Every structure is written in structure tokens, then in C-alpha cells.
Amino acid sequence: MNLHLSKCTTSDLDTLISISRKTFIDAFEKHNNSDDFKSYMESAFSREQISRELSNPKISFYLVSSEDAPIGYFKLNEDEAQRDIKDKNAIELERIYVVSTFQGNKIGRFMLNNIKRIAVSKNKGYLWLKVWEKNGKAIRFYENNGFVKFGKHPYYIGKDKQMDWLMKLNLINLEK
């Protein structure tokens, strides 16, 4: 599979909204109360929200495409755009999603390798993320790629309080 990575611009807004909504719904809708989930979707993935994030120079979105069709994306936050840990020596990986029909094809690994390359090129010391404690598949993926748990943090889908693990990957000895 020939994969292509591109940094999103405002011209990618509609594609980014579409893939963001689709992948999040596929991953989490069945695990949440429908009213809480709908409320969360309307705020987190609204046109206004994604547009605001896309215009923030400290937030970067990247699309992964195959045959010119988007099949995954990720979102990186730097400096004050990081949600919990505001460390200038770190980058937060807020989102990394692959369209469900393409999962199992090492696309996540392709994205993570590029994320590490981006972070190292910016002289960051570590990469961190939050992952839902009940998302065993994602936790195993992160652990298999060197991430370690270092804390917990509550996360809300609507009014539903859930718990995320905080995980990080040391980048100090990675090649540029």
C-alpha cells in the first residue's frame, strides 16, 4: 500500500471534518450514551471548532492517504495548545485514527513513525498522549511502540466521566 502524508491546510477542512467524525464514531459511539456522545460530537468536531484548531499555528493536523483517498489522520499540539501538560519540551499527540476498513495494515505505525520524526525535528524531548483506559487495543499499540503510562486524567463525553491514561515516549535518543 502506497501511503502519502500531508499537513492539512484550510483547504482540507471538509475532508478533515469528515474523517474526524467518521473515525471517532466508528471507535467510540457504541461505548457511550447516545445523548452524551451526540453532544460531544457537536462541539469537538463542529466546523467552527476544527476550523479554529486548523488556524492555530501550535496545532497541526496531518492526513494519510492511499490512492488519493484519506484513510487516517493525526493531530499534534505544541506549547500552550497542549491540553494538560504544557511543556515546551513535548508534543501532545491528541488524535491518531485510521478508517476502520484500513486498520491492521500498519498505517498506525506509519503515522507514529512520522509523528516521532516531526517531534524530533522540532527538538522535542518526548511525545505524550491520553488514551481511554478501556481501549485495550490502542494501549497495546502504544506500549508496543515504547510508550509508558505515567498518570491518569478524567475525560468527559458529554456528562459521562471517563478515565484516560497519560502515556509518554522519550524521544531523546531517536535519530533526526
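Quick note: the coordinates plus some simple rules give every number you see, no bench work behind them. This structure is a prediction, so every number in the text was calculated from the model and none was measured. In this analysis, Cβ positions are derived from the backbone assuming ideal geometry, glycine residues included, and neighbour counts consider all displayed protein chains.
In terms of packing, defined here as the mean over residues of other Cβ atoms within 10 angstrom, the peptides 1-10, 101-110 line up highest first as 101-110, 1-10.
3J(HN,Hα) along the range 8-13, derived from phi through the Karplus expression 6.51 cos²θ - 1.76 cosθ + 1.60 where θ = phi - 60°, amounts to 6, 10, 4, 5, 8, 3 Hz, with x in place of Gly and Pro.
Summing Lys and Arg as +1 and Asp and Glu as -1 over all other residues whose Cβ lies under 9 Å from the Cβ of MET41 gives a net charge of 0. The slack in the chain from LYS152 to GLU133, taken as 0.36 nm per residue of separation less the alpha-carbon distance, amounts to 6.0 nm.
Ignoring lysines fewer than eight residues from LYS86 along the same chain, the ones with Cα atoms less than 24 angstrom from its Cα are LYS7, LYS58, LYS75, LYS116, LYS122, LYS124, LYS130, LYS149, LYS152, LYS161, LYS168, LYS176.
Between the amide H of GLY151 and those of LEU166, distances stay under 5 Å, these residues lying 5 or more places away or on another chain, with hydrogens modeled in the peptide plane.
Farthest toward the positive end of the dipole of the range 3-170, out of HIS4, MET167, PHE24, is the Cα of MET167, where the dipole comes from beta carbon charges about the Cα centre. Cα gyration tensor of the range 14-86, axes a ≥ b ≥ c as square roots of the eigenvalues: rounded (a/c below 1.5), prolate (a/b > b/c) or oblate? In terms of gyration-tensor shape, oblate.
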